[in-house]
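Worksheet: one structure, shown below.
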Amino acid sequence: MIDYYKLQQLSDKVKANTATQAEKDEYMQMLFQNGSITQNQYDKYNKEKNNSETINAAITIGGIILFGYLLDKLISGDKN
């Protein structure tokens with residue numbers, strides 16, 4: 001299961017361009033392990049770590065995951 005709080009923290013740092021390389025790597029690994037990005041996308045990131053196109057796509061994907069999580073919390077009425 002994905003740690004949405006950690007994903008949000010890392011996503012915010014990546015978006016603000018304040019994430020360290022280790023934090024970017026962790027963010028991408030979380031997306032990959034969750035099945036949110038493909039093996040090919042993950043490999044491309046690892047090959048071209050400073051590729052802004054790959055990072056921007058990951059930010060979008062992470063945002064969609066977080067939006068879905070928040071929407072689920074709203075619908076289910078979970079206050080945590």
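For the stretch 11-24, taking the residues that are in contact (Cβ under 8 Å) with a residue 24 or more places away in the chain and in contact with a helix residue (DSSP H, G or I) (Cβ under 8 Å, 6 or more places away or on another chain), the one that is most open to solvent (accessible area, probe 1.4 Å) is identified as Lys15.
Across the stretch 25-41, the qualifying residues are those that are open to solvent by less than 40 Å² (accessible area, probe 1.4 Å) and among the hydroxyl-bearing types (Ser, Thr, Tyr), and the one among them that is farthest from Ile65 (Cα to Cα) is Tyr27.
For Lys44, state whether it is surrounded by 11 or more Cβ atoms within 10 Å (Cβ to Cβ), free of Cβ contacts under 8 Å to residues at least 60 places away in the same chain and under 13 Å from the mean Cα position of the chain (by Cα). No; evaluated as a whole, the condition is false for this residue. Checked against (1) open to solvent by 60 Å² or more (accessible area, probe 1.4 Å); (2) free of Cβ contacts under 8 Å to residues at least 60 places away in the same chain; (3) assigned to a helix (DSSP H, G or I), Tyr69 passes all but condition (2).
The values are calculated or read from the model by the stated rules, or taken from the named source; none is laboratory data. It should be emphasised that the depicted structure is a prediction, and the values quoted were computed from it without experimental measurement. Counting neighbours? That spans all protein chains shown, and the Cβs are built from the backbone with ideal geometry, glycine included. Ligands, DNA and RNA are stripped out before the accessible areas are found, and what is left, the full protein with its side chains, is counted by its heavy atoms. Shrake-Rupley method; radii C 1.70, N 1.55, O 1.52, S 1.80 Å.
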